[in-house]
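The values are calculated or read from the model by the stated rules, or taken from the named source; none is laboratory data. The structure presented is a predicted model; accordingly, all values stated were derived computationally and were not measured. Here the Cβ positions follow ideal geometry from the backbone for every residue, glycine too, while neighbour counts run over all protein chains shown.
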Amino acid sequence: MRDNAPRDLSVDWAACQGHGLCAELLPDHITLDDWGYPIVSGPLSPAAAKRARRAVADCPALALKLRAAEQQVTIRSNPAAARSAHRG
Amino acid sequence: MTATDNRTETLVIEPQQAQGNGVLPSRPLNHAEHRAYYGVLPAPDRLPLGELASMIGHAGVRGRGGAGFPLYRKLVSVSGAARARRIAPAIVANGCEGEPASHKDKHLLWLAPHLVLDGLVLLGRELRATRAVLAVEAGAPNGRGDLVRRLREALNERDVRQDGVRIELAEVPGRFIAGESAALVSTLDGGPGLPPYSELSVRESGVGGAPTLVQNVETVAQVALIARYGPDWFRDYGTAAEPGPQLFTVYSGRQRPRVVHSAAGAALAPLIADAGPIDAVLVGGYHGSWIPAPLARHARLTEADLGAPLGAGLIAALPADRCGLAETAHIVRYLALESAGQCGPCLNGLPRIAAALEQLADPHQAARDRGLLERIERWCGMVEGRGLCHHPDGSVRLVRSALMTFRTEIAAHHAGQCTGGDRRPLLPAPARELVH
């Protein structure tokens, strides 16, 4: 992945234990819910890219991920169907 | 005939003959009877590569497991991933209904196992798959343990050399999320049976890392019918947007659940005619939506009419003397317990939503605590879209539809009254031992 390629923050929900460091490093992008788990909002601003990489590296559970910004490759007629998780 | 025939009665399902017109037999068929009933499976030379995919595309087949994703698009992406990664794909016919109220997949497998096996063979040839798996729930109550035996017998009747595809039978734990495609792949690979975090979809990397087509057994059976009768036959059923015959599990009044053969576009009311006065209808499944009775009376079975997808084909009428809030609380409690427990928002949110719904379902508690509704709505927002699988989203959809459909009941409960006298649960939500 190129360094200047647009990226999104994503959370590995199975790994996340709600430590909350990400919300301290990226208060503009991450808030915590009632139980301490991150709520990621909006696309990552270029200015926050460096702090985002640090938040990813600092997550004690290695649950915060930076991945290529999602492209509109699927026709989302049915939002549930567009998600990978279903029963075929 | 097979020795297990006399066990048919143990399945809590009754085919409705008036609706059946040749798609499903009225009794279990062995392979010879199956060929006599449906006709012989087209040989590979009569169905060149690409032909089946094109028929499926023309027919407009969508997944019958709940998500309704177009099969053609899945075929294209699995074969594309296989070419790109130079790995032969795998296919899985998913017979793990998981949902305790749904019987249509088990019903289909019981009556016409060779239709599903034919479909697997056809899709296996088309994709040149090196693995083909039929996944079903491991021994469950109501005689379903016999289903596995029956499927083994059916597999033994096949001629693998003629089929060109060897089908494996896999037994999967009967948990609600076990049939979710990524969880199913995890089980088949000897993993914990939980949806993993992955940047690749199952279609790109599934069983053993191979691009994998996971398809509900009803959908797989439809492929076997389309290969025989053609895409136009398929499109004669249903509507242009939702074509094809479809199986529904119907709960109507105090009747035992029935599996009904119908199609999108049919009127909903006749299916639940024997329910008497009703309050609402649950459409799709436990991840589905409650539809208010006035809408259900005139609705046709289409997503547009119902404002909710037909999903896995559950239609459950709630009699007017039942409390929809109590029923929903009963289901959501089950859904909360069926959470895999690996994603924080689902693990924390669903039990809180379930507990608050139980309070809301109790008029004495609902009258004392006016903040319940607001808390449920807020927690729904916190759970939705924040997990590795569809479970939190589907559960939230059910809760939100209940808050909308039963809003006059909610008002009554806040005033300390319940209009439904009978508070016994209608739909099954078995207590399962916690795996963890």
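Are any residues in the stretch B:44-59 of a type in the set (G, A, S) and in contact with a Leu (Cβ under 9 Å, 6 or more places away or on another chain), and if so, which ones? Steps first, answer last, please.
Step one: list which residues in the stretch B:44-59 are of a type in the set (G, A, S), which gives B:50, B:53-54, B:57, B:59.
Listed by number, the residues that qualify are B:A53, B:G57, B:A59.
Can you find, within the stretch B:169-185, the residue that is farthest from the other protein chains (Cβ to nearest Cβ) among those that are of a type outside the set (D, E) and not in a helix (DSSP H, G or I)?
B:L169
If you scan the stretch B:231-254, which residues turn out to be aromatic (F, W, Y) and surrounded by fewer than 16 Cβ atoms within 10 Å (Cβ to Cβ)? Don't jump to the end; show me each part of the working.
Going through the stretch B:231-254, the residues aromatic (F, W, Y) turn out to be B:233-234, B:237, B:248, B:251.
Correct list: B:W233 only.
Would you please name the residue that is nearest to B:V40 (Cα to Cα), looking only at residues in the stretch B:186-221 that are aliphatic (A, V, I, L, M) and within 11 Å of chain A (Cβ to nearest Cβ)?
Residues of the stretch B:186-221 aliphatic (A, V, I, L, M): B:188, B:194, B:200, B:202, B:207, B:210, B:213-214, B:217, B:220-221.
Applying the additional criterion that residues be within 11 Å of chain A (Cβ to nearest Cβ) yields B:194, B:200, B:202, B:213-214, B:217, B:220.
On the way: B:L194: 39, B:L200: 38, B:V202: 32, B:L213: 25, B:V214: 25, B:V217: 19, B:V220: 16 Å.
Within the stretch B:186-221, the match that is nearest to B:V40 (Cα to Cα) is B:V220.
Could you tell me whether B:H330 is surrounded by fewer than 24 Cβ atoms within 10 Å (Cβ to Cβ) and either within 17 Å of B:F176 (Cβ to Cβ) or not assigned by TED's automatic domain parsing to the domain that holds B:G288 (or both)?
Numbers: surrounded by fewer than 24 Cβ atoms within 10 Å (Cβ to Cβ): yes; either within 17 Å of B:F176 (Cβ to Cβ) or not assigned by TED's automatic domain parsing to the domain that holds B:G288 (or both): yes.
Spelling it out, B:H330 is indeed surrounded by fewer than 24 Cβ atoms within 10 Å (Cβ to Cβ) and either within 17 Å of B:F176 (Cβ to Cβ) or not assigned by TED's automatic domain parsing to the domain that holds B:G288 (or both).
So which of B:H103, B:H114, B:H107 is modelled with pLDDT of 95 or more and either buried (at least 24 other Cβ atoms within 10 Å of the Cβ) or outside the structural domain of B:L41 (by TED's automatic domain parsing) (or both)?
Working: B:H103 fails: modelled with pLDDT of 95 or more; B:H107 fails: modelled with pLDDT of 95 or more.
None of the others qualify; the one that does is B:H114.
Where in the stretch B:268-372 are there helices (runs of 4 or more DSSP H), lying fully within it, with 3 or more residues that are away from chain A (no Cβ under 14 Å)? Before the answer, list the steps.
Working: elements: B:293-298, B:303-306, B:324-337, B:344-361, B:363-368.
Filter on the stretch B:268-372 gives B:293-298, B:324-337, B:344-361, B:363-368.
How about the stretch B:154-168: which of its residues are touching a residue at least 60 places away in the same chain (Cβ under 8 Å) and either within 14 Å of another protein chain (Cβ to nearest Cβ) or over 17 Å from B:V217 (Cβ atoms) (or both)?
Within the stretch B:154-168, B:E157, B:G164 qualify.
Given the conditions (1) closer than 19 Å to B:A53 by Cα; (2) more than 11 Å from chain A (Cβ to nearest Cβ); (3) crowded, with 16+ Cβ neighbours inside 10 Å, and given that B:P257 satisfies all but one, which numbered condition is not satisfied?
(1)
So for the stretch B:101-108 (the condition being more than 30 Å from B:P425 (Cα to Cα), touching a strand residue (DSSP E or B) at 6+ places or on another chain (Cβ under 7 Å) and among the hydrophobic types (A, V, I, L, M, F, W, C)), does at least one residue qualify? I'd like the intermediate steps shown before the answer.
Applying the first criterion (more than 30 Å from B:P425 (Cα to Cα)) to the stretch B:101-108 yields none.
No.
Is it fair to say B:R378 is farther than 23 Å from B:G285 by Cβ, over 26 Å from the mean Cα position of the chain (by Cα) and basic (K, R)? Steps first, answer last, please.
Working: farther than 23 Å from B:G285 by Cβ: yes; over 26 Å from the mean Cα position of the chain (by Cα): yes; basic (K, R): yes.
Judged against the criteria, B:R378 is a match.
Go through B:V133, B:V172 for me and flag whichever is of a type in the set (V, I, T), under 28 Å from B:P100 (Cβ atoms) and modelled with pLDDT under 95.
Every option except B:V172 fails the conditions.
With the condition being in contact with a Gly (Cβ under 8 Å, 6 or more places away or on another chain), I'd like the helices (runs of 4 or more DSSP H) fully within the stretch B:26-142 carrying at least 1 qualifying residues. Spell out how you get there, then give the answer.
Values: elements: B:31-38, B:51-59, B:71-85, B:104-111, B:113-127.
The helices (runs of 4 or more DSSP H) meeting that bar are B:51-59, B:71-85, B:104-111, B:113-127.
Right, A:S77: more than 8 Å from chain B (Cβ to nearest Cβ), closer than 30 Å to B:A135 by Cβ and at pLDDT 90 or above or not? Give the derivation first.
On the way: more than 8 Å from chain B (Cβ to nearest Cβ): yes; closer than 30 Å to B:A135 by Cβ: yes; at pLDDT 90 or above: no.
No: the conditions fail for A:S77.
Name every residue in the stretch B:67-89 that is within 13 Å of chain A (Cβ to nearest Cβ) and in contact with a helix residue (DSSP H, G or I) (Cβ under 9 Å, 6 or more places away or on another chain), in order of residue number.
B:A67, B:G68, B:F69, B:P70, B:L71, B:Y72, B:R73, B:L75, B:V76, B:V78
Inspect all residues belonging to the stretch B:122-135 and state whether any of them is under 27 Å from B:P257 (Cα atoms), touching a residue at least 24 places away in the same chain (Cβ under 8 Å) and either out of contact with any strand residue (DSSP E or B) (no Cβ under 9 Å at 6 or more places or on another chain) or not assigned by TED's automatic domain parsing to the domain that holds B:V250 (or both). Spell out how you get there, then give the answer.
Our first condition is that a residue be under 27 Å from B:P257 (Cα atoms); within the stretch B:122-135, this holds for B:134-135.
Subsequent filtering for residues that are touching a residue at least 24 places away in the same chain (Cβ under 8 Å) retains B:134-135.
This time we only want the ones that are either out of contact with any strand residue (DSSP E or B) (no Cβ under 9 Å at 6 or more places or on another chain) or not assigned by TED's automatic domain parsing to the domain that holds B:V250 (or both), so: B:134-135.
Yes.
Any idea which residue in the stretch B:389-417 is farthest from B:A183 (Cα to Cα), counting only those that are in contact with a Leu (Cβ under 8 Å, 6 or more places away or on another chain) and away from chain A (no Cβ under 14 Å)?
Out of the qualifying residues, it is B:H413.
For the stretch B:56-65: of the residues being surrounded by 21 or more Cβ atoms within 10 Å (Cβ to Cβ) and more than 12 Å from chain A (Cβ to nearest Cβ), which is nearest to B:W233 (Cα to Cα)? It would help to see each step written out before you state the result.
So the first thing to find is which residues in the stretch B:56-65 are surrounded by 21 or more Cβ atoms within 10 Å (Cβ to Cβ), and the list is B:56, B:59, B:61-65.
If we keep only those that are more than 12 Å from chain A (Cβ to nearest Cβ) as well, we get B:56, B:59.
On the way: B:I56: 12, B:A59: 8 Å.
Restricting to residues being surrounded by 21 or more Cβ atoms within 10 Å (Cβ to Cβ) and more than 12 Å from chain A (Cβ to nearest Cβ), the top hit is B:A59.
Evaluate the following for B:A224: is it over 28 Å from B:L318 (Cα atoms), touching an Asp or Glu at 6+ places or on another chain (Cβ under 6 Å) and either more than 13 Å from chain A (Cβ to nearest Cβ) or touching a residue at least 60 places away in the same chain (Cβ under 8 Å) (or both)?
In short, yes.
Could you identify the single residue in B:G68, B:G98 that is in contact with a Lys or Arg (Cβ under 6 Å, 6 or more places away or on another chain) and buried (at least 19 other Cβ atoms within 10 Å of the Cβ)?
B:G68
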